[in-house]
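Here's the structure, in structure tokens; my notes come after.
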Amino acid sequence: MATAELNNFLMGLLRINPYSHLATDEMDASQSTQLKPKFSDILRSKRVRILAAASFITLVLLFIFYGPRQHLSSFDWNRCPSPQTVPGSPAESADIDWSRYAYTQYVTNTAYLCNSVMLFEILHRLGSKADRVMMYPSSMHPDPTSTSVESKLLLKAQKEYGVKLLPIEVKHRPGGDRKIPIADL
């Protein structure tokens, strides 16, 4: 009984009845017979497939946007161990000769110098054990009496973050560095 009611409900909902015969001139309406559709026939109908696909997509989108997840704002950052305290990590091992390793930055202008100092500050804050080396143009001078930005940044890197300064001669190609217009990218 429940199956028949379900079929009638679905047929009314979908407003389809592919099994009813239409009355023609040769037969009157009283002779037309109506066959009951099978449940599998209803499921194969185009409207049911579209309705099922739309429902599935809606459920997937709802799960993506509102599903269970841990938000970063509620994450307990104090539970994260620092690299030096992770058991079995290379930082914990006493066998490492840290004098063989170094973080190296190659500086060619003031913008790269500023960026390098920021990276060395992060390494200093995190307590990295490897040496820090900055190769900078010999035209920049780390002079304590100078008021230039380059001089101040070089001295800051050296004094506060333990950076070893290495002056170099920056090489340029004979034709100069080609500047590429943005439109060519």
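Read-outs throughout are calculated quantities, based only on the coordinates presented, and are distinct from any laboratory measurement. None of these values were measured; they are calculated from a predicted model. Cβ placement follows ideal geometry from the backbone for every residue including glycine, while neighbour counts extend to all protein chains displayed.
Modelled spin-label separation between residue 126 and residue 152, with each label point placed 7 Å from Cα along the Cα-to-Cβ direction: 2.7 nm.
Between amide H atoms placed 1.01 Å from N, distances below 5 Å from residue 164 occur with 132, 133, 134, all of them 5 or more places distant or on a separate chain. Please label the shape of segment 98-168 as rounded, prolate or oblate, based on the square roots a ≥ b ≥ c of the eigenvalues of the alpha-carbon gyration tensor (a/c under 1.5 means rounded; beyond that, a/b larger than b/c means prolate, else oblate). Prolate is the answer for segment 98-168, as a/c is 1.5 or above and a/b outweighs b/c.
Taking a straight line from the alpha carbon of residue 171, these lysines sit under 21 Å away, with near neighbours fewer than eight places off in the same chain left out: 179.
Ordered by packing density, taken as the mean number of other Cβ atoms within 10 Å over each peptide's residues, highest first, how do 44-54, 136-146, 156-166 rank? Write down the numbers at each step before the final one.
Working: 44-54: 11.8, 136-146: 13.9, 156-166: 16.2.
Most protected by this proxy first, the peptides run 156-166, 136-146, 44-54.
Straight-line cross-link reach from residue 152 at under 21 Å between alpha-carbon atoms covers these lysines, not counting any fewer than eight positions away in the same chain: 164.
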